[in-house]
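Before any comments, here is the structure.
The values are calculated or read from the model by the stated rules, or taken from the named source; none is laboratory data. Values in this document were obtained by computation on a predicted structure and should not be read as measured data. As a convention, Cβ positions derive from the backbone with ideal geometry for all residues, glycine included, and neighbour counts pool all protein chains shown.
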Amino acid sequence: MKRTARLFLGADLALALPTIVFAISSGPPIRRTGAAVDGGVTCTACHRDGGAANSGPGRLRIVASGYQPGVKQNLRVIVDQPGGQRWGFQLTARLASAPAQQAGAFTVNPDTRVRCDSGGPTPATTEAPCNGLVEFASHTSASTRPGTASPGIFTVEWTPPAQDMGDIVFYAAGNGSNGSGNPLGDRIYTTSRTIPACTSNERPALRAAPHAVNAADGRATVASNTLISIFGSAFAPAARRLAWGRSDVASDAGADRLAPELGCLAVEIGGQRAPILYVQNDQINAQAPILAPSGTAEVVVITNPGRPNEMRSPAGTVQLGVYSPAFFTFDGRSIAALNLDASGGIVADSSLYAGAAPARPGQVVRLFGTGFGYSDPVFQPGEFPFDSPRIRDPFTLTIGGIPVAAADILFFGLSGSAPGLFHLDVRLPAALPDGDAAVVVRMGGVETQAGAKIPVRR
């Protein structure tokens, strides 16, 4: 709204403001989560001066684990908004197979209002119980918590359907309000979260040893905080493939941390829960917790963790070391790499990866790996690093047999894109000939895998 229009409408806004504030503080109108099935409308219909939904500096998350049919569980809706002083949300649950149908039921309490959608283009709204109608849970006036700094956290009780109805999708909108007492200048965010049913009745099993390996090169020795792979069976239904998303990340003491459960599955290594990044029927990708520098640790895969139908695999073992350095590769040999010039292209042979090209001598490239020990400062398992923490311990680097000077190593440390992922930004030696150049990092007497290389062409 233009400034001149605001001046002319000032009196009307002043008269309407008590009604607007009351309506918003006691919960928004229904169908404001941004769900496509409900028309894609969000709370920006009223909070219209803070820009489009999701255009602000904050974010919205739904924290929810897989469901056991008929068993009540707590969900969390978390609104992050720098400078926020008052908070609001709306949440709805739908069957993934039929998005217009309600999934389960929300519980009314002093912090949660639940309203029913009677359907139709202009729905009539009633208060819960909804008896199978679509439900919208939202904040109450009390739960907006005026004066509370970010994040705004809402706990919502939800009872799943009594039977396995497949995946369930939650849609939410969140309001990070500036606490001004009017709907102007607030920030609106939307998100969704899909959860599976935790109904597996098959006991998970590990493959023959090694039971856990470095995810980059498959070697059996694993160091603390290394990205690892575990292979076996009955980790998830055959058709299910789940990768972590932003809703699997919770704030913890100022850092973002992956949840210890993904897709009705958890992993324990040395008695500690391991953050999980990916799950399918026969494979888990996770991050090793902080472990001893030598010896072995027990590995157990758990389906339906913490539920009455929990099942645990027979225990396996993993070999431990101080370091387990390895590069991720496209084919077991060609290192996953990017050039850092303006094109930002993939470094590989074009026959291996469409659109890729070899690197040039003197070019700066980025190589990805894991298992290089701790960073400085140290980040805990599952934490997403910030401020570009560098590798802590000494190392040497050769490319094509040529030692690389420290001045040509622009950065070597944790990447912010995933816990346990390192990247190495390095200027390639100018003397490299055409062909495949072996890249070797050595630390503590341990080297990255043999045969790891990048293609070079002048």
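Can you tell me how many residues within segment 325-362 are assigned to a loop (DSSP other than H, G, I, E, B) and surrounded by 13 or more Cβ atoms within 10 Å (Cβ to Cβ)? Break it down into steps so the answer makes sense when it comes.
To start, the set of residues in segment 325-362 that are assigned to a loop (DSSP other than H, G, I, E, B) comprises 325, 328, 330-333, 336, 340-345, 348-356, 358, 360-362.
Narrowing further to those that are surrounded by 13 or more Cβ atoms within 10 Å (Cβ to Cβ): 325, 328, 330, 333, 336, 340, 345, 348-349, 352-353, 356, 358, 360-362.
Number of matching residues: 16.
Within segment 292-315, does at least one residue satisfy the condition of being in contact with a Pro (Cβ under 6 Å, 6 or more places away or on another chain), at pLDDT 95 or above, in a loop (DSSP other than H, G, I, E, B) and not assigned by TED's automatic domain parsing to the domain that holds residue 68?
Just the residues of segment 292-315 that are in contact with a Pro (Cβ under 6 Å, 6 or more places away or on another chain), to begin with: 301, 303, 313.
Narrowing further to those that are at pLDDT 95 or above: 301, 303, 313.
Keeping just the survivors that are in a loop (DSSP other than H, G, I, E, B) gives 313.
Cutting the leftovers down to not assigned by TED's automatic domain parsing to the domain that holds residue 68 gives us 313.
Yes, segment 292-315 contains at least one residue that is in contact with a Pro (Cβ under 6 Å, 6 or more places away or on another chain), at pLDDT 95 or above, in a loop (DSSP other than H, G, I, E, B) and not assigned by TED's automatic domain parsing to the domain that holds residue 68.
Among the residues of segment 123-166, what is the count of those that are crowded, with 18+ Cβ neighbours inside 10 Å and of a type in the set (Gly, Ala, Ser)?
5
Right, residue 4: in the same structural domain as residue 123 (by TED's automatic domain parsing), in a helix (DSSP H, G or I) and either modelled with pLDDT under 90 or over 16 Å from residue 168 (Cβ atoms) (or both) or not?
On the way: in the same structural domain as residue 123 (by TED's automatic domain parsing): no; in a helix (DSSP H, G or I): yes; either modelled with pLDDT under 90 or over 16 Å from residue 168 (Cβ atoms) (or both): yes.
Judged against the criteria, residue 4 is not a match.
Yes/no per residue for (1) farther than 17 Å from residue 41 by Cα; (2) of a type in the set (D, E, K, R); (3) in contact with a strand residue (DSSP E or B) (Cβ under 7 Å, 6 or more places away or on another chain); (4) in the same structural domain as residue 64 (by TED's automatic domain parsing):
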| residue | (1), (2), (3), (4) |
| --- | --- |
| 82 | yes, no, no, yes |
| 103 | yes, no, yes, yes |
| 106 | yes, no, yes, yes |
| 110 | yes, no, no, yes |
| 117 | no, yes, yes, yes |
| 120 | no, no, no, yes |
| 127 | yes, yes, yes, yes |
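What are the residues in segment 301-319 that are touching a Ser or Thr at 6+ places or on another chain (Cβ under 6 Å), surrounded by fewer than 21 Cβ atoms within 10 Å (Cβ to Cβ) and more than 22 Å from residue 69 (Cβ to Cβ), if any? Reasoning before the result, please.
Initial filter on segment 301-319 (touching a Ser or Thr at 6+ places or on another chain (Cβ under 6 Å)): 301, 303, 311, 317, 319.
Subsequent filtering for residues that are surrounded by fewer than 21 Cβ atoms within 10 Å (Cβ to Cβ) retains 311, 317, 319.
Listed by number, the residues that qualify are 317, 319.
Filter segment 104-126 down to the residues that are part of a loop (DSSP other than H, G, I, E, B) and touching a residue at least 40 places away in the same chain (Cβ under 8 Å) and list them by number. First the steps, then the outcome.
Taking segment 104-126 and keeping what is part of a loop (DSSP other than H, G, I, E, B), we get 104, 107-108, 110-111, 118-124.
Passing the criteria: 104, 107, 111, 123.
For residue 262, state whether it is surrounded by 20 or more Cβ atoms within 10 Å (Cβ to Cβ), free of Cβ contacts under 8 Å to residues at least 24 places away in the same chain and either in a loop (DSSP other than H, G, I, E, B) or not assigned by TED's automatic domain parsing to the domain that holds residue 163 (or both). Show your work before the answer.
Working: surrounded by 20 or more Cβ atoms within 10 Å (Cβ to Cβ): yes; free of Cβ contacts under 8 Å to residues at least 24 places away in the same chain: yes; either in a loop (DSSP other than H, G, I, E, B) or not assigned by TED's automatic domain parsing to the domain that holds residue 163 (or both): yes.
In short, yes.
Conditions tested, residue by residue: (1) part of a strand (DSSP E or B); (2) surrounded by fewer than 18 Cβ atoms within 10 Å (Cβ to Cβ); (3) without any contact (Cβ under 8 Å) to a residue 60 or more places away in the chain.
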residue	(1), (2), (3)
365	yes, no, no
386	no, yes, no
394	no, yes, yes
407	no, yes, yes
420	no, no, no
426	yes, no, no
440	yes, no, yes
450	no, yes, yes
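Quick grid of which residues meet (1) at pLDDT 95 or above; (2) within 32 Å of the chain's Cα centre (by Cα); (3) outside the structural domain of residue 221 (by TED's automatic domain parsing):
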position: 355; (1), (2), (3): no, yes, yes
position: 362; (1), (2), (3): yes, no, yes
position: 368; (1), (2), (3): yes, yes, yes
position: 383; (1), (2), (3): no, yes, yes
position: 388; (1), (2), (3): no, yes, yes
position: 394; (1), (2), (3): yes, yes, yes
position: 402; (1), (2), (3): yes, no, yes
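Does segment 341-352 contain at least one residue that is within 25 Å of residue 415 (Cα to Cα) and within 23 Å of the chain's Cα centre (by Cα)?
The answer is no; no qualifying residue exists.
Scanning for something more than 24 Å from the chain's Cα centre (by Cα) and in a loop (DSSP other than H, G, I, E, B), does segment 220-231 turn up at least one residue?
Restricting attention to segment 220-231, the residues satisfying the condition of being more than 24 Å from the chain's Cα centre (by Cα) are 220-221.
This time we only want the ones that are in a loop (DSSP other than H, G, I, E, B), so: 220.
Checking segment 220-231: at least one residue is more than 24 Å from the chain's Cα centre (by Cα) and in a loop (DSSP other than H, G, I, E, B).
In the set 301, 267, which member is in contact (Cβ under 8 Å) with a residue 24 or more places away in the chain, within 30 Å of residue 393 (Cβ to Cβ) and aliphatic (A, V, I, L, M)? Steps first, answer last, please.
Working: 301 fails: within 30 Å of residue 393 (Cβ to Cβ).
Going through 301, 267 in turn, the sole match is 267.
I'd like to check something: does segment 236-250 contain any residue that is in a strand (DSSP E or B) and buried (at least 24 other Cβ atoms within 10 Å of the Cβ)? Step through it out loud before you land on a result.
Step one: of segment 236-250, the residues in a strand (DSSP E or B) are 242-243, 249-250.
Now restrict to residues that are buried (at least 24 other Cβ atoms within 10 Å of the Cβ): none.
Within segment 236-250, none of the residues are in a strand (DSSP E or B) and buried (at least 24 other Cβ atoms within 10 Å of the Cβ).
Condition test on residue 53, is it in contact (Cβ under 8 Å) with a residue 12 or more places away in the chain and either touching a helix residue (DSSP H, G or I) at 6+ places or on another chain (Cβ under 8 Å) or assigned to a helix (DSSP H, G or I) (or both)? Talk me through it step by step, then tell me what you get.
Numbers: in contact (Cβ under 8 Å) with a residue 12 or more places away in the chain: yes; either touching a helix residue (DSSP H, G or I) at 6+ places or on another chain (Cβ under 8 Å) or assigned to a helix (DSSP H, G or I) (or both): yes.
So residue 53 passes the test.
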